[in-house]
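The values are calculated or read from the model by the stated rules, or taken from the named source; none is laboratory data. Everything numeric in this text was worked out from a predicted model, so none of it was measured. Because the Cβ atoms are built from the backbone with ideal geometry, glycine has one as well, and the counts that use them run over all protein chains shown.
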Amino acid sequence: MRKTIIAGNWKMYKTITEAIELANGLKREFFKLDFAAVDVVLCPAFTALSEVAEVLTETEIGLGAQDIYWQEEGAFTGEVSPLMIKDAGCQYAIIGHSERRQFFGESNETVNKKIKAALKSGIIPIVCVGENLQEREANKTFKVVEDHINNGLAGVDVSDIANLIIAYEPVWAIGTGKTATPDQAQEVHKFIRDLLKKNYGQDVSDNIRIQYGGSVKPENIMQLMERPDVDGALVGGASLKVDSFSAIVTKASEVVK
Ligand code: PEP
């Protein structure tokens, strides 16, 4: 049985004060949440990590960064290392988000280095994969996802694979209000699970958690979560408000498979 995992990607929103306020609001809402049924992760901007970590002390809510660099330290102006985010209180890092691939030159090769660096520092990578609209319309979805997985995870130790999280995020569904249908999500999640089985065996494939991301809202989380290979969600826009994010988490925690 795979435990549901819901992560909120706050992107480049929220000042430190606003981030503390949002984290406090969620902490209050999640006071009675059944954390045995769901893992919850908040991913604020780098600037707010330490303060949000402080708010989350003695809660079961996890903390993640939205990116990392692959070196431990050095002359890499503007970058942040896995050790630094760990020091700030993180257990997770989003790696290879489509916005980073699209706007900041992230490639499967850099994603691969970041995954290895994260794992080396004990950070759990949330690895984003997914096709854009053009690729979907050209029937290249499976090919793109296969490349993201095979090249992104190349050389990663099999023993580490089951511990990382894959987020299937069709780019055409991110921030557009256009969610993949539960059938579309399930189809790609199943493809990913089968690919992982081929590459790493049945155990890894059975245990790895695959989130769906792309305009997840309180209104569609249940139908998505009911699909057998959807193990959670990576939520952008709807994670920026206490009401919508707590509704998504609570509903997801109630889905029994
Ligand atoms: C995301 O940022 O990963 C995302 C899925 O965004 P949204 O939920 O806003 O589509």
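For segment 146-159, the set of residues classified as assigned to a helix (DSSP H, G or I) and within 21 Å of Leu119 (Cβ to Cβ) consists of Asp147, His148, Ile149, Asn150, Asn151, Gly152, Val158, Ser159, listed by residue number.
Among the residues of segment 137-161, none is identified as at pLDDT below 95 and within 16 Å of the ligand (Cβ to nearest atom). Of Asp34, Asp39, all but one fail to be surrounded by 20 or more Cβ atoms within 10 Å (Cβ to Cβ), under 24 Å from Glu254 (Cα atoms) and of a type in the set (D, E, K, R); the exception is Asp39. Just the residues that are within 14 Å of the ligand (Cβ to nearest atom), more than 18 Å from Leu33 (Cβ to Cβ) and outside any strand (DSSP E or B), please, taken from segment 232-257. Matches in segment 232-257: Gly236, Gly237, Leu240.
The test for being of a type in the set (Asp, Glu) and not in a loop (DSSP other than H, G, I, E, B) holds for Asp206. Within segment 145-174, if we keep just the residues that are touching a residue at least 60 places away in the same chain (Cβ under 8 Å) and under 19 Å from Arg2 (Cα atoms), the residue that is surrounded by the most Cβ atoms within 10 Å (Cβ to Cβ) turns out to be Ala167.
Would you call Glu73 at pLDDT 95 or above, surrounded by fewer than 14 Cβ atoms within 10 Å (Cβ to Cβ) and acidic (Asp, Glu)? Taking the combined requirement at face value, the residue satisfies it. When segment 209-231 is filtered for residues that are over 14 Å from Val38 (Cα atoms) and within 11 Å of the ligand (Cβ to nearest atom), the ones remaining, listed by number, are Tyr212, Gly213, Gly214, Ser215, Val216, Lys217, Asn220. Annotation note: Cβ proximity below 8 Å between a residue of segment 36-64 that is part of a strand (DSSP E or B) and a residue that is of a type in the set (Phe, Trp, Tyr) and buried (at least 20 other Cβ atoms within 10 Å of the Cβ) (sequence gap 6+ or interchain) occurs for Val40/Phe30; Val41/Tyr92; Leu42/Trp10; Cys43/Trp10; Cys43/Tyr92; Gly62/Tyr92; Leu63/Tyr92; Gly64/Tyr92. Residues in segment 1-27 that are more than 19 Å from Tyr92 (Cβ to Cβ), free of Cβ contacts under 8 Å to residues at least 40 places away in the same chain and not in a loop (DSSP other than H, G, I, E, B): Ile16, Thr17, Glu18, Ile20, Glu21, Asn24.
Tell me which residues, restricted to segment 140-182, are charged (D, E, K, R) and under 15 Å from the mean Cα position of the chain (by Cα).
Across segment 140-182, the qualifying residue is only Glu169.
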